[in-house]
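To start, the structure itself, in structure tokens.
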Amino acid sequence: VTDRPVPVPDDTSGPFWQAADEGRLAVAHCSVCHHAIHPPAPVCPACGATEPAYVFRAVSGRGVVRSWTVLRQAFLPGFADDLPVVLVDVALEGTDDLRLIGRLMYAPADGLRLGAAVEVAFEHLDDGSAIPAFALAPEGEAAT
Ligand SMILES: [Zn+2]
């Protein structure tokens, strides 16, 4: 059992978390303008549709690091044992540069660079759910 806050899926974000639990990264696409949107907002930020009727489609999960930050202090309960935590801002391949912020697993921030290729990884919680995160892609497999 963890003390940390865990995702609480709602009607809009449910399919995102459901896919994660199944080991897939699926992001919302507006059914009006077809842009990938994350997080899925009630009003589509790309076209302003008030009924975007999002369709969740699997994406490759590959992307490039656009920015990152290192958390050295836990501001929320349940993370203290995991410090330092590296959060990466990733431009997802095939999504019009959709940004997804997630934890970088298995790697220290040392050696991280802008444009580093990453691929989706999943952090598994004690309750069986999963949170999309990222891992450095094997060298030489740069995502474009
Ligand atoms: Zn739209």
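Residue 24 - would you say it is touching a Gly at 6+ places or on another chain (Cβ under 6 Å) and either open to solvent by 50 Å² or more (accessible area, probe 1.4 Å) or more than 16 Å from the ligand (Cβ to nearest atom) (or both)?
Working: touching a Gly at 6+ places or on another chain (Cβ under 6 Å): no; either open to solvent by 50 Å² or more (accessible area, probe 1.4 Å) or more than 16 Å from the ligand (Cβ to nearest atom) (or both): yes.
Answer is no for this residue.
In the range 102-124 there is no residue matching the filter, namely being within 23 Å of residue 12 (Cβ to Cβ), open to solvent by 80 Å² or more (accessible area, probe 1.4 Å) and assigned to a loop (DSSP other than H, G, I, E, B). Of the residues making up the range 88-101, those that are over 13 Å from residue 65 (Cβ atoms) and open to solvent by less than 30 Å² (accessible area, probe 1.4 Å) number 2.
Annotation: of all residues in the range 42-69 being more than 10 Å from the ligand (Cβ to nearest atom), in a loop (DSSP other than H, G, I, E, B) and open to solvent by less than 50 Å² (accessible area, probe 1.4 Å), the one that is nearest to residue 137 (Cα to Cα) is 61. Are any of the residues in the range 43-59 under 21 Å from residue 123 (Cβ atoms) and either of a type outside the set (Phe, Trp, Tyr) or at pLDDT below 95 (or both)? Within the range 43-59 (the criterion being under 21 Å from residue 123 (Cβ atoms) and either of a type outside the set (Phe, Trp, Tyr) or at pLDDT below 95 (or both)), the answer is yes, since at least one residue qualifies.
Among the residues of the range 10-26, is any charged (D, E, K, R) and not in a loop (DSSP other than H, G, I, E, B)?
Residues of the range 10-26 that are charged (D, E, K, R), as a first pass: 10-11, 21-22, 24.
Add one more test, that the residue is not in a loop (DSSP other than H, G, I, E, B), and what stays is 21.
Yes; the residues of the range 10-26 include at least one that is charged (D, E, K, R) and not in a loop (DSSP other than H, G, I, E, B).
If residue 30 satisfies all but one of (1) over 30 Å from residue 111 (Cα atoms); (2) away from the ligand (no atom under 16 Å from the Cβ); (3) open to solvent by less than 70 Å² (accessible area, probe 1.4 Å), what's the number of the condition it fails? For residue 30, the exception is condition (2).
Going through (1) of a type outside the set (A, V, I, L, M, F, W, C); (2) within 16 Å of the ligand (Cβ to nearest atom); (3) under 13 Å from the mean Cα position of the chain (by Cα) one by one, residue 93 falls short only on (2). Write out, first by first residue and then by second, each pair whose Cβ atoms fall under 7 Å of each other, whose residues are 6+ apart or on separate chains, and whose first residue, in the range 27-53, is touching a residue at least 12 places away in the same chain (Cβ under 8 Å) while the second is of a type in the set (S, T, N, Q) and open to solvent by less than 70 Å² (accessible area, probe 1.4 Å). Final answer for the pair search is 27/95; 36/95; 39/13; 40/12; 40/13; 52/31; 53/31.
The values are calculated or read from the model by the stated rules, or taken from the named source; none is laboratory data. All values derive from a computational prediction rather than experimental measurement. Cβ coordinates were reconstructed from backbone atoms using ideal geometry, including for glycine residues, and neighbour counts include every protein chain displayed. Note: areas computed on protein heavy atoms with side chains; ligands, DNA, RNA excluded. Shrake-Rupley method; radii C 1.70, N 1.55, O 1.52, S 1.80 Å.
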